[in-house]
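Written out below as structure tokens is the structure these notes cover.
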Amino acid sequence: MDRRSFMHLAAGIPLMSFSITGAFAETQWPSQLITIVVGVAPGGQADIAARPVALALQKLLGQTVIVENRTGAGGALGAAYVLRSNPDGYYMLMALSAAVVLPEAERVAGRKPPYEMADFSPVARVLADPNLLAVPANSPYKSIKDLVEDAKKRPGEISYASSGVLGGVHICMEMFCEAAGIKLLHVPYRGGSPALTGLMGGDVAVTALGAAPLKVYSDGGQLRVLATFGAERHPAFPDTPTFKELGYNDVVFYAWVGLFVPKDVPGPVKTRLRDAMRSVMNDPEIIAIYTKAGSPPAYLDTPEFTAYIAEDSARLMKTVQTIGKAG
């Protein structure tokens, strides 16, 4: 589903009958405009996650909630921007899974990280989709086997688009390359949407994105999805095999998206936002919007999301270390 169609769906969110809990009454927050910062371009997975949340929170909290795209450095610029804001809850971050490993990646490269995830507090996980590897419909590659065989003949010549250096696409594609024993040419873009534009325009041969941005082009016959990085087949692409089915047992990657605030945001504000997100993510209208877009919600409340981040980031560090050594 493209961004225009998705926004048309999201705009239809009704004024939902949320309950106001006791925690809500403990603070006057919010009393002004709220900004959800997204570190990737419009149309990418984090952007797709943020816009229904913004509309729903606006109706629930009674204040304007906007989405602001601050792109660059695989999402690091957006994260750093939020941390420079006052820790009052009026600037939040809708971050991709790569955000939690980018600081370590910077250290591996010998650079000072522009932010630390310890400076953020998780609020809620919104989506958790596996990436899917896709090629244009006119590509000679009909299967992963075709791609691997050609890549072994032409190491470093077949290009793939990513959402940025050490972003989620870069990490999962290098995970695949390492398992397959191949080398592809990495072409970083400033987000998932520009990467998809590069693929559709023939500037690159391959990319790997979430189901939501790929679905409309797949349904329209403009691209072909060869494999999913999920542990199981994706419901939006039931005929597409997993990498595990193809013999790549360790090639599993989920591009999750979650809402964060700076850690110094006052406790009552965090509680109000957490309760609001619980209502938003359990609302049937929100569930329907994400599901129709090809990316069913994968809500986790703050404690569960915090534990999930710790487990997932530890698993991804191996690939980050490999990328750092290769660089």
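The values are calculated or read from the model by the stated rules, or taken from the named source; none is laboratory data. Here the structure is a predicted model, which is why all the values come from computation and not from measurement. Using ideal geometry, Cβ is built from the backbone for each residue, glycine included, and neighbour counts are taken over all protein chains shown.
See the values below:
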item: Total residues in region 91-132, condition crowded, with 19+ Cβ neighbours inside 10 Å and either among the β-branched types (Val, Ile, Thr) or on the phi > 0 side of the Ramachandran plot (or both); result: 4
item: Whichever residue in region 38-90 is surrounded by 24 or more Cβ atoms within 10 Å (Cβ to Cβ) and of a type in the set (Val, Ile, Thr) and, among such residues, is farthest from Pro103 (Cα to Cα); result: Val53
item: Selection count, region 61-78, where residues are at pLDDT 95 or above, in contact with a helix residue (DSSP H, G or I) (Cβ under 8 Å, 6 or more places away or on another chain) and outside any strand (DSSP E or B); result: 2
item: Selection status of Asn282, more than 26 Å from Gly168 (Cα to Cα) and surrounded by fewer than 20 Cβ atoms within 10 Å (Cβ to Cβ); result: yes
item: Spans of strands (runs of 3 or more DSSP E) in region 108-187 with at least 1 residues in contact with a strand residue (DSSP E or B) (Cβ under 9 Å, 6 or more places away or on another chain) and at pLDDT below 95; result: 120-130, 159-162
item: Residue within region 307-315 that is of a type in the set (Phe, Trp, Tyr), in contact (Cβ under 8 Å) with a residue 60 or more places away in the chain and either in contact with a His (Cβ under 8 Å, 6 or more places away or on another chain) or crowded, with 21+ Cβ neighbours inside 10 Å (or both) present; result: no
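So that you can scan it fast, the table gives a plain yes or no per residue for (1) at pLDDT 95 or above; (2) in contact with a Phe, Trp or Tyr (Cβ under 7 Å, 6 or more places away or on another chain); (3) in a helix (DSSP H, G or I):
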site: Leu214; (1), (2), (3): no, no, yes
site: Thr240; (1), (2), (3): yes, no, no
site: Phe260; (1), (2), (3): yes, yes, no
site: Val269; (1), (2), (3): yes, yes, yes
site: Ala288; (1), (2), (3): no, no, yes
site: Gly294; (1), (2), (3): no, no, no
